[in-house]
Amino acid sequence: YTFKFDSYQTKVSVSGCSMTKSVVILKPKDHNGSPLAGGTARGGGGSSYSQWHVPGSTDANGVLFDFRDGLYTTMSYEMRYNNTTAHKTQDITINPVFEFQTNLLTLRLETAGGAPLDGGNPRYGVGSTYTTWWFPGGVTGSSAPGETAAEFFPGTYSFEMQYQGTAEAKVSVTIPDADTTLTWQTTNVTLQYSGQISYGGSNGDSRWFNKPSMELLPGTYKFHFRSCDRTDLTSG
């Protein structure tokens, strides 16, 4: 049967001589308050949110129901979105609707002069690790010139921006309870040499340097001046 809980409705299977359920409604929202589809959750009784996984994910209206046998009072839930999480504990006899709100995180790549650069490819992870996932917003230029954006719950994360075979990390960044922009700036590297130049990797042979100048992220990279020598150069 279709049941309507205030303004939320869902189908419920009814069977047996009696049935007792606690009903919880989980609702993630983006930074503008719009519903987020695809959020997943786990929950539990009391202050623990790790006792069970909630089947399914939030629908197009940003709603996910959880039905549990028995009558609960205090319950806890964790909502996961874009591999970031938020937790809440509340008395469901007073309020069975758990609302979670993300913030807009924008990653920006630009030159030292502030000009936006498209094509930067960021990745991220929880805590001090930045190699776990590619950023869900895509490469820079996906949301605005030089920018990529995604919805994140507050927490501590690390990020690495990759561009033109160079990379720079921002480690253990605390995303506050507000919209945030993280900015990477490149260095304009000019090399004067009559022959071909390659750079990157342990031998300096990962990719060609487009003479005379390229925008590279700060760091130390091995350059191979073809028909001559290899050396480490630091940009930034």
- line: Note: among THR156, THR190, just one is within 28 Å of the chain's Cα centre (by Cα), modelled with pLDDT of 95 or more and open to solvent by 20 Å² or more (accessible area, probe 1.4 Å), namely THR156
- line: Those residues of the stretch 21-34 that are open to solvent by 30 Å² or more (accessible area, probe 1.4 Å) and either assigned to a loop (DSSP other than H, G, I, E, B) or polar (S, T, N, Q) (or both) come to a total of 4
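Check whether at least one residue in the stretch 164-183 is over 30 Å from TYR81 (Cβ atoms), in contact (Cβ under 8 Å) with a residue 12 or more places away in the chain, open to solvent by 80 Å² or more (accessible area, probe 1.4 Å) and of a type in the set (S, T, N, Q), and report yes or no. Break it down stepwise before answering.
Our first condition is that a residue be over 30 Å from TYR81 (Cβ atoms); within the stretch 164-183, this holds for 164-166.
Still in the running and in contact (Cβ under 8 Å) with a residue 12 or more places away in the chain: 164-166.
Adding the requirement that they be open to solvent by 80 Å² or more (accessible area, probe 1.4 Å) leaves none.
There is no residue in the stretch 164-183 that is over 30 Å from TYR81 (Cβ atoms), in contact (Cβ under 8 Å) with a residue 12 or more places away in the chain, open to solvent by 80 Å² or more (accessible area, probe 1.4 Å) and of a type in the set (S, T, N, Q).
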statement: When the stretch 58-80 is checked residue by residue, the ones that are assigned to a strand (DSSP E or B) and charged (D, E, K, R) are ASP66, ARG68, ASP69, GLU78, ARG80
message: If MET75 meets every condition in (1) surrounded by fewer than 16 Cβ atoms within 10 Å (Cβ to Cβ); (2) farther than 30 Å from VAL189 by Cβ apart from one, which number is that one?
response: (1)
- request: Could you please find all residues in the stretch 39-57 being of a type outside the set (Ser, Thr, Tyr), part of a loop (DSSP other than H, G, I, E, B), in contact with a Gly (Cβ under 9 Å, 6 or more places away or on another chain) and under 14 Å from ARG80 (Cα atoms)?
  value: GLY39, VAL54
message: Let me confirm something: among ALA112, ALA37, which residue is at pLDDT below 95 and open to solvent by 10 Å² or more (accessible area, probe 1.4 Å)?
response: ALA112
- prompt: Looking at the stretch 117-129, which of its residues are among the hydroxyl-bearing types (Ser, Thr, Tyr), open to solvent by 60 Å² or more (accessible area, probe 1.4 Å) and within 13 Å of MET161 (Cβ to Cβ)?
  reply: none
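Specify the residue that is nearest to ILE92 (Cα to Cα); the eligible residues are those in the stretch 1-13 that are open to solvent by 70 Å² or more (accessible area, probe 1.4 Å) and assigned to a loop (DSSP other than H, G, I, E, B).
Taking the stretch 1-13 first, the residues open to solvent by 70 Å² or more (accessible area, probe 1.4 Å) are 1-4, 6-7, 9, 11, 13.
Those still in the list that are assigned to a loop (DSSP other than H, G, I, E, B) too: 1, 6-7, 13.
On the way: TYR1: 23, ASP6: 14, SER7: 17, SER13: 22 Å.
Taking the candidates together, the pick is ASP6.
What number of residues within the stretch 216-235 satisfy the criterion of being outside any strand (DSSP E or B) and either of a type in the set (Gly, Ala, Ser) or closer than 19 Å to TYR163 by Cα (or both)?
Narrowing the stretch 216-235 to residues outside any strand (DSSP E or B): 217-218, 226-229.
Now drop any that are not either of a type in the set (Gly, Ala, Ser) or closer than 19 Å to TYR163 by Cα (or both), which leaves 217-218, 227.
Matching residues across the stretch 216-235 total 3.
Yes or no, residue by residue, for (1) touching a Ser or Thr at 6+ places or on another chain (Cβ under 7 Å); (2) open to solvent by less than 50 Å² (accessible area, probe 1.4 Å); (3) under 26 Å from ALA178 (Cβ atoms):
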{"site": "SER15", "(1), (2), (3)": "no, no, no"}
{"site": "MET19", "(1), (2), (3)": "no, no, no"}
{"site": "ALA41", "(1), (2), (3)": "no, yes, yes"}
{"site": "GLN51", "(1), (2), (3)": "no, no, no"}
{"site": "ASP59", "(1), (2), (3)": "no, no, no"}
{"site": "GLY70", "(1), (2), (3)": "yes, yes, no"}
task: Filter the stretch 83-95 for residues that are within 19 Å of HIS53 (Cβ to Cβ), open to solvent by 40 Å² or more (accessible area, probe 1.4 Å) and either outside any strand (DSSP E or B) or basic (Lys, Arg) (or both) and give the result.
output: ASN83, LYS88
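The values are calculated or read from the model by the stated rules, or taken from the named source; none is laboratory data. This is a predicted model, so every value here is computed, not measured. Backbone-built Cβ (ideal geometry, glycine too); neighbour counts: all protein chains shown. Note: accessible area is taken over every heavy atom of the protein model, side chains too, but ligands, DNA and RNA are not part of it. Shrake-Rupley method; radii C 1.70, N 1.55, O 1.52, S 1.80 Å.
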